[in-house]
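A quick write-up on the structure given underneath.
Each reported figure results from applying straightforward, stated rules to the coordinates on display, with no laboratory input. As the structure is a prediction and not an experimental result, all values here were calculated from the model. Neighbour counts are summed over all protein chains in view; Cβ atoms, including those assigned to glycine, are modelled from backbone coordinates with ideal geometry.
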């Protein structure tokens, strides 16, 4: 019973990390159909933001809380610059966008290496996140619980923006039918840019959160980007709940397989499960109904 | 053959152009390179030739078939590891156990290593194992019409999973270090410079053979169908063909080529490790193809060899500069020259058609935005509009 419960916690924790990394991707991929491989480097940028903020403000708690909005800004601004310079020109070539943004991610990794050096840097966790919290049956590291809460807050915040605000209405309109949205007067250009800002900003927040779990290096993003994309593929595009279910589903699966085998075999098994799952639902868990033939 | 207006005379001339390219390539690889290059440089070129073989397959699957496969490293690795199993076992002698297993493990040979003692099984395995994996994955993916970006992501995830799996198997697969330290190749001593030259010739001939196979495919009815699937998959389906089968053939062929390349890579370079097969090398295979011109016959190979050469030349001396250069090259070529360097306008007018760089694979420029927005009611995830054929 206790083993089961600790697996459950491990899975949920892994799922929340995946969710933070994938949430922004699900948004940008869902709206624009572009695959942004540089998303991982936005995560890295968020992590380095936390590092820089801590260099200025010594108090670990305040610097962490300050780094979250700053990481959002840094990631978001990088995303807007990328969108305005490159992605905007390539909307009808989704596969090429993937390769172009991969080139961008190579450059960003090297920039990080030149600025911060190749060795990893560490961000100190505040005292109130360094212990464990007793949940009765099992212990949960406070940092992981914090990430779980942060992921939940990000999902709720994003849903509120999408459901309640005029911007959210425009985004949903563009996701459902871009041409019709344009016809009724929505500026898809500015909507796209704002979506990219929010999506990339979420990557920045993910980066700040990841500093609580380990050290930060130039290749931090690459280790999460593939899993984040798998979450998006399995979850289906255009709806946040797909990403949420897929992230926690994959996290729990990975934790379960890891319990019975090894971490590396678990990764392969999760991949097989996704391919099999796509046999049943090729469009992922949820997808926006369209009249396209795809 | 795509342009219906071409006279048979024009076709004939173009065939001569491709044949001329083959003769030129054969002369350069089989006569010129061995004559002027030192042993070290020649074996370096041999490694690039292996990348070239992978590039031929990617050109087929991606340039002609529209399947952006970011997981060719998996098939490269499967071929390479199968070859490495055999070389390790041959070095260990009959009923011997490879040295690293004695070092790390119990010294017992896993049962699935045994078949690769036989050279015949090994040679078959190099082609069949990557093909079967590609067939299994391809049939699952293409039948359910998972394509475009989804296919690219899945193929990349496969590469990631494969590399992680290999790293985890320290005892049976050498883990992070991979398999290395081979002494002989089917009975020939690998330290002998003559045999190393022989390996280069084998790789070069394999490359030319793959190019010939792909050239004949491009000229065939199947080649036409493959391009049709790339550009308008639904139309092909409505015409009564099954696009899944058409794509599957190209994907399996590309995998087999990558497997053969991996098998040749092992004796030439002397190592195969997870670092040669994961996500990053898999995308690196694609760079060369993109830069050389994905839908052309010779472009992918030339691009792959040029990029690999540039990487060796630049990254040794300026590692930081190489990363910027590689990234910038990728961005600039794909964003502004989607059909690769061989599409530079001036060349496109004159040389390429005659030299087999022709745009028969279809120009890969995006549709004009007004037409594009009419044609694709969705932000097009399927990627089919990526290669819409604009007037030839």
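Hey, what did the stretch B:28-280 get for relative contact order, percent, Cα under 8 Å, at least 6 apart?
Taking the mean separation of contacting Cα pairs over the length of the stretch B:28-280, I get 43 percent.
Under a point spin-label approximation (7 Å from Cα along Cα-to-Cβ), what is the residue B:332-residue B:310 distance to one decimal in nm?
In this crude spin-label approximation the distance works out to 0.8 nm.
Tell me what the protein assembly as shown gives for mean residue ellipticity at 222 nm when only DSSP H runs of n ≥ 4 count, each as -39,500 (n - 2.57), the sum divided by the residue total, rounded to 500 deg cm²/dmol.
Taking each H run of at least 4 residues, the total per residue is -23000 deg cm²/dmol.
Find the relative contact order for the stretch A:159-289 and round it to a whole percent, using C-alpha pairs within less than 8 Å whose residues are 6+ positions apart.
Reported relative contact order: 21 percent.
How many Cβ atoms of partner chains, on average, are near each residue of B:160-166 if near means within 10 Å of its Cβ?
6
When the C-alpha atoms of the protein assembly as shown are aligned to their principal axes, what extent does each axis show, in angstrom, from largest down?
70, 67, 48
Just counting partner chain Cβ atoms within 10 Å, what average do the residues of peptide B:333-339 show around their Cβ?
Mean number of neighbouring Cβ atoms from other chains: 5.
If each of residue B:95 and residue A:189 carries a label point 7 Å out from its Cα toward its Cβ, how far apart are those two points in nm?
According to this spin-label approximation, the distance is 7.9 nm.
Just tell me how shielded A:216-227 is by partners: mean number of partner chain Cβ atoms within 10 Å of each residue's Cβ, no decimals.
Average per residue, whole number: 2.
Taking neighbour Cβ counts within 10 Å as the exposure measure, how do B:83, A:164, B:210, B:198 sort from fewest upward?
A:164, B:198, B:210, B:83
Once the Cβ-Cβ distance between residue A:152 and residue A:88 is put in as r, and R0 is 51 Å, what FRET efficiency do you end up with, to the nearest 0.05?
Calculated transfer efficiency: 0.95.
Shape call for the stretch B:50-113 from the C-alpha gyration tensor, a ≥ b ≥ c root eigenvalues: rounded (a/c under 1.5), prolate (a/b greater than b/c) or oblate?
Prolate shape, in that a/c is at least 1.5 and a/b is the bigger ratio.
Taking neighbour Cβ counts within 10 Å as the exposure measure, how do B:19, A:82, A:98 sort from fewest upward?
Result, fewest neighbours first: B:19, A:82, A:98.
By counting other Cβ atoms within 10 Å of each Cβ, how are A:280, B:205, A:115 ranked from fewest to most?
With the sparsest Cβ surroundings first, the list reads A:280, A:115, B:205.
For chain A, what class follows from the C-alpha gyration tensor (a ≥ b ≥ c being the square roots of its eigenvalues): rounded when a/c is under 1.5, otherwise prolate if a/b is larger than b/c, else oblate?
In terms of gyration-tensor shape, oblate.
Please compute the contact order of the stretch A:27-225 in relative form: average sequence separation of alpha-carbon pairs under 8 Å and at least six residues apart, divided by the residue count, as a percent.
Here the relative contact order equals 46 percent.
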